[in-house]
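First comes the structure, then the notes that go with it.
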Amino acid sequence: WAEVREALRNESFIDQGLRDFRGDSLTQDTRDRVKRRLRREAWDVHAIMQASTVAGAIALWVQHQLELASCCAEMEPLVAALAQWHARIESEIHARRREVLAKVREVEPTLEEAKEALRTLDRRSLTSFRQQI
């Protein structure tokens with residue numbers, strides 16, 4: 001207990017150890033080992049809280065990190081499926097874009113010819129209209 005109290009008093013323990021800890025990075029093996037330790041009779045958050053408010057808060061934090069890690073592990077297949085879906089959609093979007101651009105390049109000359117024909121027709125119509133006046 002003296003070692004634990006000393007670690008809790010050390011500012012770097014909380015500043016670097018707890019604040020920067022990523023519960024979602026716990027492996028299944030680590031989660032299983034921690035769960036086994038939490039099942040022991042000595043792990044009683046209420047008793048830990050009465051012995052030390054800080055230690056009790058950290059005991060709760062440990063339990064919540066374990067729950068977070070389990071939730072993240074359950075979500076991994078969904079995240080992977082979403083990433084695959086996103087990649088497939090991105091690929092389809094790029095393929096469609098290439099198709100559309102190719103079609104635009106294909107019809108662009110015809111469009112320019114049609115515009116020129118309209119301008120010529122407009123000029124002729126205007127000339128014809130002026131002659132009628």
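Quick look at the values:
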quantity	calculated
At R0 = 25 Å, FRET efficiency that the Cβ-Cβ distance of Val104 and Gln84 yields, to 0.05	0.25
Contact order normalised by residue count of the chain, Cα under 8 Å, 6+ apart, percent	21
Value at 222 nm in deg cm²/dmol, rounded to 500, when DSSP H runs of n ≥ 4 in the chain each add -39,500 (n - 2.57)	-28500 deg cm²/dmol
Region 31-80 - convex hull of the alpha-carbon atoms, volume per residue in Å³	65
Label of the coordinate-derived value, semi-axes √(5λ) of the Cα gyration tensor in Å, listed as (1) 52, 21, 11; (2) 76, 19, 12; (3) 57, 17, 10	(2)
Karplus (6.51, -1.76, 1.60) ³J(HN,Hα), θ = phi - 60°, over region 91-100, in Hz, Gly and Pro reported as x	5, 5, 4, 5, 5, 4, 4, 4, 4, 5
Charge dipole magnitude, Cβ of K and R +1, D and E -1 - the chain, Cα centre, debye nearest 20	520
Value of Rg to Rh for region 91-133 (Rh from inverse mean 1/r over Cα pairs, i.e. Kirkwood)	1.43
Theoretical gain in end-to-end length, Met49 to Asp122 [0.36 nm per residue, Cα-Cα removed]	17.3 nm
Sulfur and carbon atoms: percent of accessible area, the chain [1.4 Å]	57
From phi via Karplus (6.51, -1.76, 1.60), per-residue ³J(HN,Hα) for region 42-56 in Hz, x at Gly/Pro	5, 8, 10, 4, 4, 5, 5, 4, 6, 6, 7, 4, 5, 4, x
Region 68-115 - charge dipole about Cα centre, Lys and Arg +1 at Cβ, Asp and Glu -1, debye rounded to 20	100
Table column - 3J(HN,Hα) (Hz), region 71-81, Karplus curve with 6.51, -1.76, 1.60, x for Gly and Pro	4, 4, 5, 5, 7, 3, x, 5, 5, 5, 5
Ordering of 97-106, 46-55 by burial proxy (mean other Cβ atoms within 10 Å per residue, highest first)	46-55, 97-106
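The values are calculated or read from the model by the stated rules, or taken from the named source; none is laboratory data. Predicted model, so just to flag it, every value in this text is computed and none were measured. Cβ: placed from backbone, ideal geometry, glycine included. Neighbour counts: every protein chain shown. What goes into the accessible areas is simple: the full protein's heavy atoms, side chains included, and nothing from ligands, DNA or RNA. Shrake-Rupley method; radii C 1.70, N 1.55, O 1.52, S 1.80 Å.
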